[in-house]
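Visitor: I have a structure here, written as structure tokens, and I will follow up with some questions on it.
All of the numbers you see were taken from the coordinates with simple rules; none came from a lab. Model, not experiment: these values are computed from the prediction. All Cβ positions, even for glycine, are placed from backbone atoms using ideal geometry, and neighbour counts span all protein chains on display.
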Amino acid sequence: MPGFKKTILVCLLLLSACSYLPNEPATENISIGFSQLTSNDLWRQTMNAEFERFALLYPEVNLEIRDANDVSAQQIKDIEYFINQNVDVLIVSPKEADLLTPVVEKAYKLGIPVILVDRKTSSDAYTTYIGGDNVEIGRQAGNYAKYLLNGSGRILEIYGTKTSSPAQERHKGFIEQFAEDERFEIIDGGDGQWFGKSAEKVIREVFEEDQAFDLVYAHNDVMAEAAFLVASELGIEDEMFFIGIDALPGKEGGAQMVKDGKLDATLRYLTGGRVAIETAIAIANGDSVPRNITLKTALINSENVEIYQNEEERIQEQQKILEQQQQAITDQLLKFENQRLLLTLIFTLLVGAILILLFLIRASRAKRKINSELKSTNNHLNRMVETNNEINSVIGHDIKTPINSTLAIAELMADSLNDDEPIDKEELQNFSSIIQVSIKSISDLTNDLFNWSRIQAGDLKLRKEHFKISEIVDPTVDLFETMTSFKSITIETIYENDFEIYADKHIVATIVRNFLSNALKFSSKGDTIYLTCEEINDGWSISVKDEGVGMTEEVQQKLFHKEFHPSKVGTKKEVGTGLGLRLSKKMADLHQASIEVKSILGKGSTFTFKVPNTV
Ligand code: FRU
């Protein structure tokens, strides 16, 4: 069933088209591993939050942050983990330059792009560095310190972890400003390790020995604040300036410390989360990125702190709006995706339902076909059984009689050979006629049986041709010569004219033969049978009229029914199953012609075969 296959194909195409329903542009996932040295201070927490916030803006980004808890050994393990994960981009903010260098180099040499943020390693084996310029920040701090000290002074420098790159660079930039200037003295206040608590400890130790400082320069705000608090405890906070670095916005941040008068200045040190995520995506997409991305810095003091805070607040608000919008977009996308899934599901179900429907239709068609085949086989079988019964009954009934009479005559003839009185000529003639009539009727019956089984099996096909009507009628009448003389019956053939017909010769001959045979059967000695061929209104007809016994109305009605077996025997005791007339009716039907019967009991019957011209 090619149509069915075509429909399945169309359904499958529609189904596959379904996967082309509007979808988000297909992007490869990008895995980013971020090794954070610690998350124990506000600056790092701000940094992590920024990473996460911006990673969320890019659905293709899978960001994993690992916190080393300010332990270099742990950070090495974290980086090893990311190497094993074969992340697309590795971001590291290394706690200590030297200690972290080998593992970062390893990742880089394995082909993993490495972004260093805020802090550096001691090697060049990295893809890009993102962070503030710590040397420059140191310079600006030095510059401002110089300005505050107004010509001379003693400076206490509190370091961030000395083995970390920002501490080294912030120191480097700062002292550059005082190089070979003997009016200024810079005292190493020790390693505050970037935390307020650890810085407080070293500052106390310093102040126990020496308090004569004009300025405290700490490498970040929390350490500068610790110095201010210790100085306040000692009541010497007004005798010195305090400079820190970071300038985080917010209540806990360095800007607020300036506003609160704790610090005299702080330098903005951006966390760089947004830039780091954007750079990682660019690298993963194969774009080239600069080797160094320097984040801007700015000095915040009492004069500009308010503007800075307002500006920061505005930025935060905008950021919030942006995030809300992003959230709305994400929600919308999610809704859209759900709708798309639903649509795909509905579509799939629909296609499935269509396929099932088609399958059912096909199955029911096949069933109907099988049923009709079964029915026709059944009909065929029934017809065969019927034919078989017919044959049995004809053999048992119609054929037996002429055979028996032929046999009886043969026996008589044989006996007469042994008799003293041989058969005379007249008797012999009579015997010969009986034999001929019997053989003729056996031959007719055999023909009828043959035709009957062919008709029942649907084997008998119409074969029409043009011929003169006498061509078939005359030879058929001739066949009855012996029989007519045996019964002293005359057949009178009447042609108005010998017209041409278009018909099946075999069918016409069989019908005429059966009409005559029937007429002869019921005609008595001296009767005449009239066979009339005539052109009628829009066709032609052949009728056979006898002067025989005729039939009742009831018999006429049943004449062609298959259950009907005429009980009447012929005038010479001929028997019959009525097969000849039923065969004639079937043949007439095949020829789309009709058979009409007119009969009056005791007066005779007329059988007419009427053929319309149109067929
Ligand atoms: C946070 C911090 C910052 C400082 C930076 C230097 O952990 O100490 O305060 O600016 O690290 O790496």
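Visitor: List the trypsin sites (Lys or Arg not before Pro) within the stretch 436-533 that fall in a DSSP loop (any state other than H, G, I, E or B) and whose Cβ has at most 14 other Cβ atoms within 10 Å.
Guide: Sparse-neighbourhood loop trypsin sites (Lys or Arg not before Pro): Lys461, Arg463, Lys525.
Visitor: Still on this structure, please answer the following. Which value, in nm² and rounded to one decimal, describes the direction-averaged projected area of the C-alpha convex hull of the stretch 134-270?
Guide: Computed as one quarter of the Cα hull surface, the answer is 7.3 nm².
Visitor: Quick check for me: using +1 on Lys/Arg Cβ and -1 on Asp/Glu Cβ, what's the dipole size of the stretch 72-169 about its Cα centre, in debye to the nearest 20?
Guide: 280
Visitor: Related question: Along the charge dipole of the chain, Cβ charges K/R +1 and D/E -1, which of Ala509, Leu479, Ser453 sits furthest on the positive end?
Guide: Of the candidates, Leu479 comes out farthest on the positive side.
Visitor: Here's a follow-up. Going through the stretch 29-106, which GluC sites (Glu not before Pro) have at most 16 other Cβ atoms within 10 Å and a DSSP loop state?
Guide: Glu60
Visitor: Then there is this: Could you tell me which of Ile435, Ala212, Leu349 has its Cα farthest along the dipole of the chain towards the positive end, charges placed at Cβ (Lys, Arg +1; Asp, Glu -1), taken about the Cα centre?
Guide: Checked the options; the winner is Ile435.
Visitor: Which of the lysines could a cross-linker bridge to Lys95, judged by Cα under 30 Å and excluding same-chain residues fewer than eight apart?
Guide: Correct list for Lys95: Lys77, Lys106, Lys109, Lys120, Lys162, Lys172, Lys197, Lys201, Lys251, Lys262, Lys296.
Visitor: Taking the Cα centre as origin and putting +1 on Lys and Arg beta-carbons and -1 on Asp and Glu beta-carbons, what dipole magnitude results for the stretch 134-270, to the nearest 20 debye?
Guide: 520
Visitor: Continuing with this model, one more query. Quick check: net charge around Lys468, other residues with Cβ under 10 Å of its Cβ, Lys/Arg +1 and Asp/Glu -1?
Guide: -4
Visitor: I would also like to ask the following. Can you compute the charge dipole magnitude of the chain about its Cα centre, using +1 on each Lys and Arg Cβ and -1 on each Asp and Glu Cβ, nothing else charged? Give it in debye, rounded to the nearest 20.
Guide: Dipole magnitude for the chain comes out near 3860 debye.
Visitor: What is the distance, in nm, between label points placed 7 Å from the Cα along the Cα-to-Cβ direction at Ala73 and at Leu381?
Guide: 9.3
Visitor: Go ahead and run the numbers for FRET between Lys320 and Glu60, Cβ-Cβ distance against an R0 of 22 Å, rounding to 0.05.
Guide: That gives a FRET efficiency of 0.35.
Visitor: Does a label point 7 Å from the Cα of Asn430, set along Cα-to-beta-carbon, have any residues of the stretch 496-527 with amide nitrogen under 18 Å, and which are they?
Guide: Of the residues in the stretch 496-527, 525-526 have backbone N under 18 Å from the label point off Asn430.
Visitor: Continuing with this model, one more query. Scattering from the C-alpha atoms of the stretch 461-615 alone, worked out with Debye: what is log10 I(q)/I(0) at q = 0.08, 0.16, 0.19, 0.21 1/Å?
Guide: Relative scattering, expressed as log10 I(q)/I(0), comes to -0.21, -0.86, -1.22, -1.45.
Visitor: If you don't mind, another one. Expressed as a fraction of 2.2 N^0.38 Å, the rule-of-thumb size for a compact globular protein of N residues, what is the C-alpha radius of gyration of the chain?
Guide: 2.45
Visitor: If you don't mind, another one. For the chain, what is the relative contact order in percent, using Cα pairs closer than 8 Å and at least 6 residues apart in sequence?
Guide: Reported relative contact order: 9 percent.
Visitor: May I pose another question? Report the one residue of Pro166, Gly189, Val544 whose Cα lies farthest in the direction of the positive end of the charge dipole of the chain (charges on C-beta: Lys and Arg +1, Asp and Glu -1; origin at the Cα centre).
Guide: Comparing the listed Cα positions along the dipole, Val544 ranks first.
Visitor: Follow-up question, since we're still on this one. Over 20 Å between C-alpha atoms is what I'm after, so list which of Lys461/Lys505; Lys487/Lys585; Lys440/Lys598; Lys545/Lys585; Lys400/Lys521 land there.
Guide: Lys487/Lys585; Lys440/Lys598, as the Cα separations exceed 20 Å there.
Visitor: Moving to a separate point now. Tell me the GluC sites (Glu not before Pro) within the stretch 492-544 that lie in a loop according to DSSP and have at most 11 other beta-carbon atoms within 10 Å.
Guide: Passing sites in the stretch 492-544 are Glu496.
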